[in-house]
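The values are calculated or read from the model by the stated rules, or taken from the named source; none is laboratory data. None of the values given here were measured: they were computed from a predicted structure. For neighbour counting, all protein chains shown are included, and Cβ atoms are generated from backbone atoms with ideal geometry for every residue, glycine included. Surface areas here come from the heavy atoms of the whole protein model, side chains and all, with no ligands, DNA or RNA. Shrake-Rupley method; radii C 1.70, N 1.55, O 1.52, S 1.80 Å.
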Amino acid sequence: MREALGSVWTIQIILIFMILINAYLAFSVNYTKAFRIKNNIISIIETNEGFTEGARLQIEELMLDSGYSVSYQNMVSSGCKEGNYKAIQNNAGGFCIKLNRAGDRSGYYSIKTYISIDIPILGSFFGSFPNTFAIKGETKTIYSNNINAINLETEY
């Protein structure tokens, strides 16, 4: 009987170790995906010389192809409101964007993407703290008439 109880504890330790390793791998994959999306969004905005309609469509296509998605409610409730970011939601996912003006025809954009946690128990706990897992970045200063092409006050 003693050997049977000893092996139960060993199996529990092995299972806990496996769960921790899988959680770490899931987090690192989602972090990499959010970081790559942020960098590609910045690149698209810089290429289009602002957050234009063409840039918005390219970003939506990028998100559809990559499989990136994040909860819109969590993003809007605390993630985007902090720092006066605008939540951009499309059919594929979402991100936060803010235009920082440097003049009449110049400015740079700040971008936030989030790590999506869909682990059943941990996702419900960490889902209410999206800023904990925000990845931020900024574009270079853009000098263009397109800086005002899309008003970030409108809903998408």
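Which ones in region 83-109 are of a type in the set (A, V, I, L, M) and touching a Leu at 6+ places or on another chain (Cβ under 9 Å)? Even if it seems obvious, please write down each step before you answer.
Step one: of region 83-109, the residues of a type in the set (A, V, I, L, M) are 87-88, 92, 97, 99, 102.
If the condition is that a residue be of a type in the set (A, V, I, L, M) and touching a Leu at 6+ places or on another chain (Cβ under 9 Å), then Ile88, Ala92, Ile97, Leu99 are the ones that fit.
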Ala23: aliphatic (A, V, I, L, M) and under 30 Å from Ile142 (Cβ atoms), yes or no? no
Take the residues in region 60-84 that are more than 13 Å from the chain's Cα centre (by Cα) and closer than 16 Å to Ser110 by Cα; name whichever of them is modelled with the highest pLDDT. Asn84
Look through region 86-110, keep the residues that are open to solvent by 40 Å² or more (accessible area, probe 1.4 Å), of a type outside the set (D, E, K, R) and assigned to a loop (DSSP other than H, G, I, E, B), and return whichever of them is modelled with the highest pLDDT. Ala102
